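In what follows, a structure is listed as structure tokens, so that the remarks can point back to it.
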Amino acid sequence: MNAPLSTTTARAWAALLLVAALAGCIKIEDKDAAKGGAEASWVDDLNLGVGNVSFDGDAVVLERSGTAARIAPNGDLAVDGRPVAIDDAQRRDLVAYHGAARQLRSHAVATGQAGIDLAKDVVGDVLAGIAQGDTSDIERNAQRRAEDVKRAAARLCDDLGSMRAAQDRLAGTLDAFKPFATIDQAALDDCRKD
């Protein structure tokens, strides 16, 4: 069954085509591949709107007001290069924070890739639909595929929630970590908005 595209739908697909064309010009480099990593370099620095989280090798680096905290995978913490004494419970929370931040990074890559895949698929469907004169299933198929992107994005919110839980425990017991405890409930609520 042939269904003509409405003007609004046609403009939306044209915009999507433009975005997809631009996305095709962006090269995702894998600078960690030489070290055995699998994440793309465009997520080496994440600005979560709750402070700056970046990755330096296997360490998670938090920056706030010119001060940097570095969390190693084993839970070691250094602030401005100086090691901070921690107990076993704090180490577990630092390991949990580190793990959640690394998961967030990995899930950010997956979410970005799902978005790129969605754009490619929709553009292909639009072009095929126009060529075949049948555009009736394009919107339904695009919405179905968009659910994959939404699921991937939801994982980011879960990771942010895990980071916040570890952060709150650390801020309650480790004075050196308090300045870096910037993830609040508003950030989690904003993450869950569609």
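The values are calculated or read from the model by the stated rules, or taken from the named source; none is laboratory data. Nothing here was measured: the structure is a model prediction, and the numbers come from that model. We place every Cβ from the backbone using ideal geometry, glycine too, and count neighbours over all the protein chains shown. Remember, those area values only see protein heavy atoms, side chains included, never the ligands or the DNA or RNA. Shrake-Rupley method; radii C 1.70, N 1.55, O 1.52, S 1.80 Å.
Tabulated values for the structure
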| read-out | value |
| --- | --- |
| In segment 172-194, the residues that are touching a residue at least 40 places away in the same chain (Cβ under 8 Å), of a type outside the set (Gly, Ala, Ser), in a helix (DSSP H, G or I) and crowded, with 17+ Cβ neighbours inside 10 Å | Phe177, Phe180 |
| Residue selected from segment 116-139 under the condition open to solvent by less than 30 Å² (accessible area, probe 1.4 Å) and within 24 Å of the chain's Cα centre (by Cα), by the criterion nearest to Asp168 (Cα to Cα) | Ala119 |
| Residue check for Val50: open to solvent by less than 50 Å² (accessible area, probe 1.4 Å), modelled with pLDDT of 80 or more and of a type in the set (A, V, I, L, M, F, W, C) | no |
| The listed residue being assigned to a helix (DSSP H, G or I) and touching a residue at least 24 places away in the same chain (Cβ under 8 Å), out of Arg145, Arg140 | Arg145 |
| Among residues of segment 89-115, those that are within 30 Å of Thr173 (Cβ to Cβ) and small (Gly, Ala, Ser), counted | 7 |
| Check on Gly161, more than 18 Å from Ala114 (Cα to Cα), open to solvent by less than 30 Å² (accessible area, probe 1.4 Å), under 23 Å from the mean Cα position of the chain (by Cα) and not charged (D, E, K, R) | yes |
| Residues that are open to solvent by 50 Å² or more (accessible area, probe 1.4 Å) and part of a loop (DSSP other than H, G, I, E, B), drawn from segment 72-101 | Pro73, Asn74, Asp76, Asp80, Gly81, Ala85, Asp87 |
| Criterion (open to solvent by 50 Å² or more (accessible area, probe 1.4 Å), more than 30 Å from Asp175 (Cβ to Cβ) and modelled with pLDDT under 80) met by exactly one of Ala38, Ala142 | Ala38 |
| Out of Arg169, Arg155, Arg151, sole residue that is outside any loop (DSSP other than H, G, I, E, B), open to solvent by 60 Å² or more (accessible area, probe 1.4 Å) and modelled with pLDDT of 95 or more | Arg169 |
